[in-house]
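Taking it in order: structure first as structure tokens, then the write-up.
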Amino acid sequence: MDRLGNLLELIETAPVGLRTLTGSLWHWTHLERSRWAIDEMSRRGGNSISRLTLGGERSGVIRDETLRVWLDFPNRWRLESADRLDIKDGDNRWIGDPHQVIALENDRSNIDQTEVGILVEPGPHVFGGLQFETPVHDEIDGRLCWKSNSSRTGSHGHMPMYLGLRLGGIDHTFWFDAETGIVLRHVGLIDREPCRITELKDVVINQPIPGETFQFIPPLDAVVESQFDRLLHMAETQGVDLTDVDRSNVPAVRKALANRGHPHVGRPEMRLEMRRAKHIPADGPPDDEARARSLIEYAYSHDLETDDTGEVLLNIQGGRGLSEYLRQARQRIAEGDVRFVVDDVKFLRPDEAVVWFSLEIDGNRPGLVVGREGRALLIDGRWVIEHATLVDLLGIAGVAVPPNL
């Protein structure tokens, strides 16, 4: 069998003999080129992919991240950095960041559903979608490997798109470990320029890993929620009517959340009327309702506006100390032009209103926050976003606000 045949056999059977792995996972991303690559994949495949995938496309912006990695096949792992974590002890999984963690009990996910999955089990992702060139010997971090360039085949199936989204690039260069077949390094390219680089570094294989490595110890001050509690919280904060829904039935709650509790209501104007009808005014609206609505729209679209110190958000109830948390959330969501747009307002009294709003990124609505329900309050003559509304929004982005703020 020739060298290419040997490589393809190695990829198909990877990971050969791999029981444990420790090391680090390095991601380097050129956001602008990666956006071009996704646009090109989308054009070729006739798909439409949200800009939220990469979080913006400002020229020259680089994202650089390193995760520590511990793997114990088949179902124990720990991926961790200063900003996020993903831990599975065999039965349960915890995903989040130092401030907010979601606990998944009796989790059925496998290693392929992590960031390292495509690297340690590359076969299912590269066959049928890529054409490899004859490989050459190379070395990565002291490990012998096979280096091969590849490009998509004439097929327009989903595999090249899936691979491009997970690893990045239109064309690819892989370094496969000669012993196990895992991917030690991948460079995704567009127009011969790298848009994303992924590399496993300091790799140690088949050495014992202490069991306590895969135990979850909540970070200090972290909020830990079960998956179902998080689901209920999302439904309640989004104003989903759960009156006739069994709250112990996970599929039923998910369905209500997906359909906003009214799957039988088809027309948008009917959904809007039912949504408004749930809120009964306790008093009349402000004297100048049109001006009040305009000021509410201003508050939502200028959420980052601060006083001269830069520490107090002027358009947020109790805005002192919240500016850094809001900036963190915006950075996690996108790098482009991010703003909240008010869709509808209903006044409950002269100084309080229900507000339905959506998130726009570079003029598009990616679906993360669309028609979300919040509140606006008139405080000291100024319409502001309710504190609880902002805290819930930050939670969606994985940013937890301390209880004292």
**Report entry** Asp344 paired with His302, simple spin-label distance in nm, labels 7 Å along Cα-to-beta-carbon
**Finding:** 2.7
Report summary line: If the label point sits 7 Å along Cα→Cβ of Asn110, residues of segment 173-211 with amide N under 18 Å come out as 181-183
Query raised in the report: Which length gain, in nm to one decimal place, applies between Arg291 and Glu324 when the Cα-Cα distance is subtracted from 0.36 nm times their residue separation?
Result: 8.9 nm
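For the ranges 284-294, 172-182, what's the packing order if you count other beta-carbon atoms within 10 Å of each residue, average per peptide, and put the highest first?
Final packing ranking: 172-182, 284-294.
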Report summary line: Over all directions, segment 278-405 yields a Cα convex hull whose mean projected area in nm² is 8.2
Requested in this report: For segment 85-99, just list the computed ³J(HN,Hα) in residue order, Karplus coefficients 6.51, -1.76 and 1.60, θ = phi - 60°, integers in Hz, with x standing in for Gly and Pro.
Outcome: 8, 8, 10, 9, 9, x, 10, 10, 9, 10, 10, x, 9, x, 10
Report summary line: Here the gain from full extension of Gln131 to Glu9, 0.36 nm per residue of separation minus their alpha-carbon distance, amounts to 42.5 nm
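Values in this text are rule-based calculations from the coordinates and carry no lab data. Just so we're clear, the structure is a prediction, and the values are computed from it rather than from any experiment. Neighbour counts are summed over all protein chains in view; Cβ atoms, including those assigned to glycine, are modelled from backbone coordinates with ideal geometry.
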